[in-house]
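Structure record follows, encoded as structure tokens.
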Amino acid sequence: MRGSIIILFCFTIGVLLGLYNLVPDMLIETDYSMYALYVLMFVVGVGVGSDKDSFKVIKTMNFKIVLVPISTIIGTYLGIGVFSFLQNKLNLIDCLAVGSGFGYYSLSSVLISELSGETLGVIALLSNISREIITLLFTPVFLKLFGKLAPVSLGGATSMDTTLPIITKYSGADYAIISVFHGVVLTIIIPFLITIIL
């Protein structure tokens, strides 16, 4: 959880610095978020491309492995659909965009901020950080209630990195390949889904 706490701490410091006008005007007048997104997409591409095992999984595993990320997407969107009707602050499109981060808070929040504004970007950041923290804290509960694939789905895009250790600890080492494949697929499609939705 250290990584999530550091991100949340940096975000809080940024909010406080902006709130009390302690940031140089140059940083406020120039929008650096798109450049950060380009760098982030490059790093994600390098990470996916350099992990040769993630491509071997597609060849060696049964076709059913594809159903895991598809189920995560459908389940997330169904939950978001219900949530959007229980509140009146965000419309369904905004809710779907936020949920399309699938736990990848750094990528989704920057992309959503660029396409729809800072407010929705902050909501995406907090929502997706929450998804990762919930996975890290409540994996044993979800496993007991919903089975061994539940933590993989709950982790979303983070199932290939930050939540992978907790998933393999409770679901078993044989679920590591499924978890990595799941995370890679979601990471690749997040930018496309958010762009299409918004």
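For region 102-117, putting each phi into the Karplus relation 6.51 cos²θ - 1.76 cosθ + 1.60 with θ = phi - 60° gives couplings of 6, x, 8, 5, 5, 6, 5, 5, 5, 5, 5, 4, 5, 8, 9, x Hz, in residue order, rounded to whole numbers and with x for Gly and Pro.
Given region 32-197, what whole percent of its Cα pairs are spread farther than 21 Å? Of the Cα pairs, 45 percent sit more than 21 Å apart. In terms of surrounding Cβ atoms within a 10 Å radius of their Cβ, Ser108, Ser84 rank from fewest to most as Ser84, Ser108. Among the trypsin sites (Lys or Arg not before Pro) within region 71-164, those in coil by DSSP and having at most 10 neighbouring Cβ atoms inside 10 Å are Lys89. 3J(HN,Hα) along region 162-171, derived from phi through the Karplus expression 6.51 cos²θ - 1.76 cosθ + 1.60 where θ = phi - 60°, amounts to 5, 9, 4, x, 6, 5, 5, 5, 9, 7 Hz, with x in place of Gly and Pro.
Counting beta carbons within 10 Å around each of Tyr175, Tyr77, Tyr20, Tyr35 and listing the fewest first gives the order Tyr20, Tyr35, Tyr77, Tyr175.
What's the tally of Lys pairs in the chain whose alpha-carbon atoms lie under 28 angstrom apart, where the two lysines are 8 or more places apart or on different chains? Here the count comes out as 13. Helical content alone sets the calculated 222 nm signal of the chain at -25500 deg cm²/dmol, taking -39,500 (n - 2.57) per DSSP H segment of four or more residues and averaging over every residue. Scaled to the globular estimate 2.2 N^0.38 Å, the Cα spread of region 133-177, given as radius of gyration, is 0.93.
Cβ crowding within 10 Å ranks Leu186, Leu115, Leu22, Leu125 as Leu22, Leu115, Leu125, Leu186, fewest other Cβ atoms first.
None of the figures in this text is laboratory data; all of them are computed from the coordinates on show. These numbers come from a predicted model, not from an experiment. Cβ: placed from backbone, ideal geometry, glycine included. Neighbour counts: every protein chain shown.
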